[in-house]
Amino acid sequence: MNKWQQIWNKRKDNLENVDVKNPRAVFAELIRLDGYDSAGITSELLSYFEHQYDYLKAALKCIGGGCIFEVGCGAGAWLYLFARDGYTIGGLDYSSALIDIAKKILPADKLSEIICAGADELPTDKKYDAVISTGVFSYFDDLAYAERVLEKMLDKSLRAVAVLDIYDKAFEDELLAERRRAIENYDERYRGLKKLFIPRTFFEEFAARHKLTVRFATNNRGGYVNAPYTYHCFMEKNYDELFCNGQRFIRDGTRFEFYDARRQSQ
Ligand SMILES: C[S@@+](CC[C@H](N)C(=O)[O-])C[C@H]1O[C@@H](n2cnc3c(N)ncnc32)[C@H](O)[C@@H]1O
């Protein structure tokens, strides 16, 4: 078990002191558990993440009431929001502590599967409209591992694969300089806790090999300290039609629309 995994395994929830009927309070606790608490959970940070969620939902262009799987879901902060919006959800994380919390907080009637395993062991038998991963790829050892995970994500996805908060190789020196400036004894405190920086060409080449469309978005909003040094990558399979939950959807530009065979034959 590497040092990062040991850290994620030690996360402890404070849910007994959270009003579980208040979704914003629950989301704040899940974000804290997922490690975004280095500077405290401020309302500015919460608004940043809520905006990030709306952005992700729009970017995924999910067909109504779709299904979403998250690799490295942690305590399930994003899955919690997707479930509240009516999506069927699934998630995987290698931290047994965080998966136990996710099991406790995510609504059972929306949860299709929740798995404690390494990302490269992702089972792909159950499929989802979109398979996402947020703030996770920077914890991987190397690009070979990242590529194995992407292969699994693609296999599990019916349509879209989205990787968010990727540490940009182009900004590696800048980010490390900023962390050394902001955190006392940074190198000592983070010894053995490496971060993986990935160039955009890694995703472009993966997309080209698998005939996917690929687009990038810059994460330039304030609110979270590392955001300016990260980017998002959205990849899509080039189907003209797809089948989900026993129904047929056909491509209309960049969207998929429900295909109603009865209306077509009238
Ligand atoms: C910063 S947290 C992000 C959690 C969640 N995606 C979010 O954005 O709130 C990173 C998560 O990635 C998980 N993780 C890191 N490397 C992993 C791996 N190789 N396999 C599975 N999970 C991993 C950690 O356990 C942790 O829950």
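Odds and ends about this structure:
- About the centre of its Cα atoms, the stretch 1-144 shows a dipole size close to 240 debye [charges on the beta carbon of Lys, Arg (+1) and Asp, Glu (-1) only; nearest 20 debye].
- Semi-axis lengths, Å, the stretch 1-150, gyration tensor of Cα atoms, sqrt of 5 times eigenvalues: 21, 20, 15
- Anisotropy class assigned to the stretch 1-51 is oblate, per the alpha carbon gyration tensor with a/c at or over the 1.5 cut-off and a/b no larger than b/c.
- Adding -39500 (n - 2.57) for every DSSP H run of four residues or longer, then dividing by how many residues the chain holds, sets the calculated 222 nm ellipticity at -10500 deg cm²/dmol.
- Calculated diffusion of the chain, Stokes-Einstein form, Kirkwood radius summed over Cα pairs, 37 °C and 0.692 mPa s, µm²/s: 170
- Overall form of the stretch 113-168 per C-alpha gyration tensor (a/c, 1.5; a/b vs b/c): prolate
- Order of Met153, Met1 - criterion: other Cβ atoms within 10 Å of each residue's Cβ, fewest first: Met1, Met153
- Antiparallel %, DSSP beta bridges [both residues in the chain], to 5: 50
- Alpha-carbon centroids, the stretch 190-213 and the stretch 53-119: separation in whole Å: 23
- The magnitude of the dipole of the chain, with charges of +1 and -1 set on the Cβ of Lys/Arg and Asp/Glu and taken from the Cα centre, is near 360 debye.
- Projecting the Cα atoms of Thr230, Leu175, Leu111 onto the charge dipole of the chain (Cβ charges, centred on the Cα centre) puts Leu111 farthest toward the positive pole.
- In degrees, nearest ten, helix 200-209 long axis to first principal axis of the chain (Cα): 30
- A protection proxy built from the mean count of other Cβ atoms within 10 Å ranks the segments 174-186, 127-139, 85-97, most packed first, as 127-139, 85-97, 174-186.
- Likely footprinting exposure, Cys233, Cys116, Cys73, fewest C-beta neighbours within 10 Å first: Cys116, Cys233, Cys73
Since every read-out is calculated from the coordinates, none of them should be taken as a lab result. Keep in mind that this is a model prediction, so the values were computed, not measured. As a convention, Cβ positions derive from the backbone with ideal geometry for all residues, glycine included, and neighbour counts pool all protein chains shown.
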